[in-house]
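Here the structure is laid out as structure tokens; the discussion comes afterwards.
The values are calculated or read from the model by the stated rules, or taken from the named source; none is laboratory data. None of these values were measured; they are calculated from a predicted model. Don't worry about glycine lacking a Cβ; one is built from the backbone with ideal geometry, like all the others, and counts go over all protein chains shown.
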Ligand SMILES: [Zn+2]
């Protein structure tokens, strides 16, 4: 599968900046890790697509972004995290959530996510991370992202996201467009951008129909920016990437405290299993195993 990438553009008059992403590989990887049912695949794929674009706007190498959706729908909680270059990882609480389709045959992501809040946390190296939150508008994610920027950051934003799922539950295509008005944006350009947003209703089909050898990002850009002059200023490769490690997992185990860790080991032994603590990463499924010896060493209890 082709690696995903973000293309960043600016309108020639400086009215808006535009991010476009073809994220099929990212969505497919998330679906394989979390074994999601079709509606959950679309929900998680859309969220990762948006968070990759927003993450690519972070300024410093150590910056990180986390967007979580806490809705009352059957999908439960969704989380997506991005590094400063738009590489993402994500999690969905109930990957099997798959409510009935809408009357128009589309996957009902809004019903899977439900109503509740979206929380955006930017960790930019300061003591306190910046946190913003907004009520979910529809749970369809694109509208919720746009509402977040409008309400919490006062940035007029258009967002379109799409994940196309095949008959066998596979990912056929995924992508997104994020348009943000810059200060002193021209009103006519803003109105045209809003008009053009209608071109993006089926953007996952636009990507799926893109002929081999043609850049789907430029196709989406041409639709989003129809009738407006613009310049492409860069392209960023992005991927589904987890940064978990044994060291980081060990810190989490250590935070349990020796008494709690020992009682987990004792429970394992009592159940006839080897005395060890196994911790799975919720973003990539990788398992880290800590034996009784590891735990004793971790807490400095080893007698030697
Ligand atoms: Zn991981």
Item to check | Residues satisfying the stated conditions in the range 271-286, i.e. farther than 16 Å from residue 35 by Cβ and either touching a strand residue (DSSP E or B) at 6+ places or on another chain (Cβ under 6 Å) or at pLDDT 95 or above (or both) | outcome: 276, 277, 278, 279
Checklist outcome for this item: Within the range 167-197, the residues that are touching a strand residue (DSSP E or B) at 6+ places or on another chain (Cβ under 9 Å), farther than 16 Å from residue 24 by Cβ and not in a loop (DSSP other than H, G, I, E, B) are 178, 179, 180, 181, 189, 190, 193, 194, 196, 197
Next on the checklist: So for the range 219-232 (the condition being modelled with pLDDT under 95, surrounded by fewer than 17 Cβ atoms within 10 Å (Cβ to Cβ) and in the same structural domain as residue 31 (by TED's automatic domain parsing)), does at least one residue qualify?
Outcome noted: no
Next on the checklist: Just checking, does the range 252-265 include any residue being part of a helix (DSSP H, G or I), within 16 Å of the ligand (Cβ to nearest atom), modelled with pLDDT under 95 and not assigned by TED's automatic domain parsing to the domain that holds residue 32?
Outcome noted: yes
Item to check | Complete set of residues in the range 164-197 that are touching a helix residue (DSSP H, G or I) at 6+ places or on another chain (Cβ under 8 Å), touching a residue at least 60 places away in the same chain (Cβ under 8 Å) and under 13 Å from residue 230 (Cβ atoms) | outcome: 177, 179, 193
Checklist outcome for this item: Residue count, the range 198-210, condition surrounded by fewer than 17 Cβ atoms within 10 Å (Cβ to Cβ) and either part of a helix (DSSP H, G or I) or touching a residue at least 24 places away in the same chain (Cβ under 8 Å) (or both), comes to 4
Checklist entry - With respect to the numbered conditions (1) within 16 Å of the ligand (Cβ to nearest atom); (2) part of a helix (DSSP H, G or I), which one is the sole condition not fulfilled by residue 219? => result (1)
Item to check | Cβ pairs under 7 Å, 6+ apart, first in the range 83-98 and farther than 30 Å from residue 60 by Cα, second within 13 Å of the ligand (Cβ to nearest atom) | outcome: 95/34
Item to check | Qualifying residues in the range 222-241 (those that are farther than 24 Å from residue 2 by Cα and not in a strand (DSSP E or B)) - the one nearest to the ligand (Cβ to nearest atom) | outcome: 225
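Yes/no matrix, rows are residues, columns are (1) more than 34 Å from the chain's Cα centre (by Cα); (2) within 16 Å of the ligand (Cβ to nearest atom); (3) more than 30 Å from residue 29 (Cα to Cα); (4) in a loop (DSSP other than H, G, I, E, B):
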{"position": "267", "(1), (2), (3), (4)": "yes, no, yes, no"}
{"position": "279", "(1), (2), (3), (4)": "no, yes, no, no"}
{"position": "283", "(1), (2), (3), (4)": "no, yes, no, yes"}
{"position": "300", "(1), (2), (3), (4)": "yes, no, yes, yes"}
Item to check | Top-ranked residue of the range 82-129 - restricted to ones that are assigned to a strand (DSSP E or B) and modelled with pLDDT under 95, ranked as surrounded by the fewest Cβ atoms within 10 Å (Cβ to Cβ) | outcome: 123
Checklist entry - Any residue in the range 242-249 that is more than 13 Å from the ligand (Cβ to nearest atom), surrounded by 17 or more Cβ atoms within 10 Å (Cβ to Cβ) and in a helix (DSSP H, G or I)? => result no
